[in-house]
Each structure stands twice: as C-alpha cells, then as structure tokens.
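Notes follow once the structure below has been shown.
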Amino acid sequence: MKSFITKDGKQLRRGFTTGSCAAAAAKAATAMLLGEKEINTVRLVTPKGTGLDLDITDILISDDRVSCAVVKDSGDDPDVTNGIKVYASVEKAVSGIEIDGGEGVGRVTRPGLDQPVGAAAINSTPRRMIAEAVAEIAKKHGNTDGFIVTISVPEGTEIAKKTFNGRLGIEGGISILGTTGIVEPMSDEAVVETIRTELSVRRAEGRRNILFVPGNYGADFIRDELGIDPEIAVMTSNFIGDAFDLAAEMGFDSALLIGHIGKLIKLAGGVKNTHSKYGDRRAEIFAECAGADEETTKALLSSVMTDDMLDIAEQKGIKEKTLNTIAEKIGENIKTEKMTTGAIAFSNKSGKLLATADAESLLRAIREEYKV
C-alpha cells in the first residue's frame, strides 16, 4: 500500500486492517462461488474512503464453497498480525448473510466488548464491510441466495498470546478489527481504544472502582509490594489523562493510579500524556515543588534521574516537604467532577513515596471489590 504519513519527522507507510483483509477475501470468494474465474486481485473501498487493490492467494474452489486469503500488511506499524493470512470461506445459504469465525478467530467470553458473549470476535465495522462486499457481488450477479461467510486465521491462536485478548475475555484467537479499514502507523488512537475497551469490559462486569498502572513497573509493584494481581489493573501507557477521562465518562465511582515517580511527577506539572515527545520537565517540576535555595535548585535541574533528585532533597532535608507538594499537585491535576481520583507513586530504590489525599481509601475500595 503506497500511502504515507509523516510522524515525528519520519515518513511512515500506512497498512490495512484484518477487517479489510477479511472483507476483500470474502468479496473474492463470493465472486468465484458465483462463477467468476480465479481472481488474483480485488478492489475494496474502506470505510475511510480509501480504495485498496488487494492480492488474493490460497484459492480453493469446490462446487458449493470457495475459500481464499489476503495477506495482512500493517505498513510501518509494529503490529504482531503483520504478514498473517486472513481467510474467508463462502458458501450459499437460503437467505441473508451469516458471518462467523473459524480457526484462529477468538470467541467473546465476557460482556462489554463490541460483540456479545459467544460470538466470534469480528467487530462491527469488519462485519459490515464483509456483508457489504458480499452483497455487492451478489447484486452484480443478480443472485438472491444467502451466504455463510467464515473468517479464519490459522496463525491466530499463537498470535493471540501476544495481544491483550486474554485480558479482555477473548479466547482462542485474534480479533478481526478496524474502524477505518486502514492502519495508521503507531497510532495513538489505537492505544486509547484499547484502554476504552478494557474499561468497557470492567463496567460490563459491574465494577465500580478501577485501578490504573502505566506499565510494567507499576504492574510489578502492585504484585510484589501490594499483593495485587496485575490482571485487575488497566494499563494506561503514557495516556494517563485519557484514561482518567474515559473512566469518568463511563461512570466509574473512582480511579486509582499507581506508578513510578519518574512518570507520575509529570502529572504534578499538568503533563497528562507522559511521553517524552510532549515534554520531559521532570527536573523542572521537581525543583518547582521543592522550592529550595539557588544552589539546591541548580543541583536538581542538572539531575537526569528522579532518584538522584530524591537523594538531593533528602540530603537537604526537604524530601518529605517536596513529596507532599508533588502529591498535592498530582491530586489537583487528576481531579474530575464525576468520580474520585487518586495516585500512589513509588521508586524502585525507595518503594512507596507518596499518596494523594484519597489514594489510600481508594486502594481499600479496590481490595474490597476485587477481593485482593
């Protein structure tokens, strides 16, 4: 696919989703089932309006069924599904278009996802794309029969182990995804949508309180120091502000964030996306919260690691005061009107360092609700 975006000064190639693969394979299989000769390329217009000419492979034709595949191309996005084959098998039915998942396509086992419990993990947009593609070919041939479309991904069971599907309650394979049909390389939106999906699952389970961790440091800390299974936590990555906003939007009573001080200190400065490209400012924020003399401030500003800043503050006898100020500012910056919020910060060297005003009560609520 020869379509590019520029991100952080780099030109990155777009790709296409598993949903586009499934729809294109279904379209080609339907055409061959209705008598067209072997099809090597199929034209698909994505929901985004982008036209794709996708190669068809692994064609198998019998009297009452045709199957074929499209190879997934994720462009320059680091996607574990890149290069897999997405198959569609199409056979005639009495009426309607029935879409299901076969080998390597997961099954939904928990409420709150795009599809109901028991359904194949083929999301709404790909289902619509598949149905429209099959209907287009049927209309072209004047065919009024129905069709059964089965989407399969032979590599899906193994690949699913590298995804969040297990955490979300999708078992046995990958999900067939895509809202636009196009993969945007290293998309921030994709990460936020993953957070949204995890929160939706928790709400469907009736959960009222949510626990956030930014990543593996936070997950390790809650497991090793607090005895909490990381599986109950939702990972925010750098999208902490988005995670709190989504939790409030979905009606949770509270959200507690537990993370490393090196990341959470940015919240004290109002930086709610903690990726370095949006600014580091850790030393500046720490120094501002310390409110120290000129010599100490210079030492703090020349520090690279948060642990070094903490050591300086301890040597100057201002560590506790500084941490209290950081906690207060974090609390202010994650506060929402719709729910109670809190944060706990730690370092690998010193363990727990600070907690915002409501953090301990929220931790107790988490323990009670999740029985941990």
If you plug each phi of region 197-206 into the Karplus form 6.51 cos²θ - 1.76 cosθ + 1.60 with θ = phi - 60°, what whole-Hz ³J(HN,Hα) values come out, in order, with x for Gly and Pro?
5, 4, 5, 4, 4, 4, 5, 5, 7, x
Order 238-245, 295-302 from most to least packed using the mean count of other Cβ atoms within 10 Å.
238-245, 295-302
Using mean Cβ contacts within 10 Å as the protection proxy, how do 174-183, 157-166 order, highest first?
174-183, 157-166
Say we join alpha carbon atoms closer than 10 Å with springs in a Gaussian network model of the chain; which of Val86, Val191, Val234 then has the biggest fluctuation?
Val191
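What do you get for trypsin sites (Lys or Arg not before Pro) in region 182-217 restricted to DSSP loop and a cutoff of at most 15 other Cβ within 10 Å of the site's Cβ?
Listed in order of number, the matching sites are Arg208.
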Could you state the angle between the C-alpha long axis of helix 306-315 and the longest principal axis of the C-alpha atoms of the chain, as a value from 0 to 90 degrees rounded to the nearest 10?
10
Estimated Rh, region 4-183: Kirkwood, alpha-carbon pairs, angstrom:
16.3
Would you mind telling me which residue in Ile84, Ile39, Ile130 has the biggest mean-square fluctuation in a Gaussian network model of the chain, where springs connect alpha carbons within a distance under 10 angstrom?
Ile39
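Based on the Kirkwood radius over alpha-carbon pairs, what value in µm²/s does the Stokes-Einstein equation return for the translational diffusion coefficient of region 243-372 at 25 °C and 0.890 mPa s?
161
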Counting DSSP beta bridges with both ends in the chain, the antiparallel % (nearest 5)
65
Quick one: what are the phi-derived ³J(HN,Hα) couplings along region 232-241, Karplus 6.51/-1.76/1.60 with θ = phi - 60°, whole Hz, x for glycine and proline?
7, 8, 9, 7, 9, 6, 8, 8, 5, x
Taking the Cα atoms of the chain, what is the range of coordinates along each of the three principal axes, in descending order and whole Å?
83, 46, 33
Would you kindly derive the ³J(HN,Hα) couplings of region 247-260 from the backbone phi angles with the Karplus curve 6.51 cos²θ - 1.76 cosθ + 1.60 (θ = phi - 60°), listing them in order in whole Hz, with x for Gly and Pro?
4, 5, 4, 8, x, 5, 6, 7, 9, 10, 9, 10, x, 5
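Return a whole-number percent for the relative contact order of region 183-324, with Cα pairs under 8 Å and 6 or more residues apart as the contact set.
Relative contact order, region 183-324: 20 percent.
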Tell me, Thr144, Thr125 in order of fewest to most beta-carbon neighbours within 10 Å?
Thr144, Thr125
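Counting only C-alpha contacts under 8 Å and six or more residues apart, can you give the relative contact order of the chain as a whole percent?
Computed value for the chain: 14 percent relative contact order.
Rule-based calculations on the coordinates, nothing more; no lab input. Keep in mind that what you see is a predicted model, and the values were worked out from it rather than measured. Here the Cβ is made from the backbone with ideal geometry for all residues, glycine too, and neighbour counts use every protein chain on show.
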